[in-house]
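Asks: Okay, here's the structure, questions in a sec.
What follows is calculated from the coordinates using simple rules that are stated; it is not laboratory data. All values reported here derive from a predicted model rather than from experimental measurement. Cβ placement follows ideal geometry from the backbone for every residue including glycine, while neighbour counts extend to all protein chains displayed.
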Amino acid sequence: EAKSSGKNNFKFFTEKMREEINERLHMENHLRQALLREEFELHYQPQIEIASGRMIGMEALVRWNHPEWGMVYPDKFIRVAEDTNLIIPLGEWVLKEACRQISQWSQQGLDQVCISVNISARQLKSRHLFSLIDELIATYNIKPGMLELEITESAAMDDPEQTIPRMKKLRNKGVALAIDDFGTGYSSLSYLKLLPLTRLKIDRSFVKDIETDPNDAAICAATIALARILGLGLVAEGVETEAQLEYLRAQGCDSAQGYYFSRPLPEKDIMAFFACHQQEILAS
Ligand code: C2E
Ligand code: MG
Ligand code: MG
């Protein structure tokens, strides 16, 4: 009996696996079509300087506006895009769109607000990234410092002998470089010192329970101190409440991003948000 149920289990697993593989294949095909039909769009989440309340940056976050499914969020497709290498053309589209937008907004007076773009591990490994960035900076005539590339801690630390020189090459072009989801990977402090960074982004999992979990509060405080000692900027991600913001402010955190200030916004809503966040509304 054990044997037959074992067999059934095996059959069950293979069917489930086949289903998953089919789903992935489908997703891959849908993604290919979406690239051709240009169904992607970028939303922008404001980053606020805590001391002044000013909007100092935005993170570009990709969305897939599918004609039937509606808005699809990155957790549903970035993994498949990475596994199938479609992240290369998708990432190229994202960078191009972000640079076009930087140039357009700069002409409209938004010229002090940097745009951050997420770069996946595969993109960081692709040779084409360097010439693409040169080409986009030249075509859209943007100041390289207006563009920030976000690389997760795990992507930066995966094969550091290869990624460190690549990150240096990018940094030498004048673009800003941030470590995303900081604290969730396994970076050793000695590598962190070697990376040519401009900012750290504290992962939102540490911010979430900052008021109730002393360990999370300590991790945030230590990361803020670490960034200061290393001379790096710092953004706290996932700030949802005033109490979280106040704790971060008291610890000396520079800037914050999260639903407390704004969800990621479509392009058309950014100018209005910016207009409301030019004054020192949070300074007390
Ligand atoms: P991420 O880079 O860490 O981006 C932050 C995510 O947290 C975004 O989710 C954002 O909407 C969400 N978020 C912001 N504030 C809050 C908050 O206060 N509370 C909560 N609960 N969430 C908040 P989103 O847009 O779904 O993106 C998820 C992830 O997908 C991103 O995490 C990033 O790793 C990836 N991603 C997004 N766009 C791109 C892209 O263009 N290229 C690549 N390679 N990855 C991308
Ligand atoms: Mg990010
Ligand atoms: Mg993040």
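Asks: Mind listing just one residue for me: the one in region 69-116 that is touching a residue at least 24 places away in the same chain (Cβ under 8 Å), farther than 19 Å from ALA34 by Cβ and not in a helix (DSSP H, G or I) and, of those, nearest to ligand 3 (Cβ to nearest atom)?
Replies: Among those residues, the one meeting the criterion is SER116.
Asks: Conditions: (1) among the small types (Gly, Ala, Ser); (2) within 16 Å of ligand 2 (Cβ to nearest atom); (3) in contact with a helix residue (DSSP H, G or I) (Cβ under 6 Å, 6 or more places away or on another chain). GLY252 meets all but one. Number of the miss?
Replies: Evaluating GLY252 over (1) among the small types (Gly, Ala, Ser); (2) within 16 Å of ligand 2 (Cβ to nearest atom); (3) in contact with a helix residue (DSSP H, G or I) (Cβ under 6 Å, 6 or more places away or on another chain) leaves (2) as the failure.
Asks: Are any residues in region 157-205 part of a loop (DSSP other than H, G, I, E, B) and either hydroxyl-bearing (Ser, Thr, Tyr) or closer than 17 Å to GLY233 by Cβ (or both), and if so, which ones? Lay out the reasoning, then the answer.
Replies: First pass over region 157-205, keeping only residues part of a loop (DSSP other than H, G, I, E, B): 158-159, 173-175, 183-188, 195-198, 203.
If the condition is that a residue be part of a loop (DSSP other than H, G, I, E, B) and either hydroxyl-bearing (Ser, Thr, Tyr) or closer than 17 Å to GLY233 by Cβ (or both), then GLY174, VAL175, GLY183, THR184, TYR186, SER187, SER188, LEU195, PRO196, LEU197, THR198, ASP203 are the ones that fit.
Asks: Let me ask something else. Can you pull out the residues in region 206-231 that are within 16 Å of ALA250 (Cβ to Cβ), among the β-branched types (Val, Ile, Thr) and part of a helix (DSSP H, G or I)?
Replies: Listed by number, the residues that qualify are VAL207, ILE219, THR223, ILE224.
Asks: Looking at region 186-197, can you tell me whether even one residue there is within 16 Å of ligand 3 (Cβ to nearest atom) and touching a strand residue (DSSP E or B) at 6+ places or on another chain (Cβ under 9 Å)?
Replies: The answer is yes; a qualifying residue exists.
Asks: Answer yes if at least one residue in region 136-148 is within 16 Å of ligand 3 (Cβ to nearest atom) and either at positive phi or under 20 Å from the mean Cα position of the chain (by Cα) (or both), and no otherwise.
Replies: Filtering region 136-148 down to residues within 16 Å of ligand 3 (Cβ to nearest atom) leaves 148.
Add one more test, that the residue is either at positive phi or under 20 Å from the mean Cα position of the chain (by Cα) (or both), and what stays is 148.
Checked region 136-148: at least one residue is within 16 Å of ligand 3 (Cβ to nearest atom) and either at positive phi or under 20 Å from the mean Cα position of the chain (by Cα) (or both).
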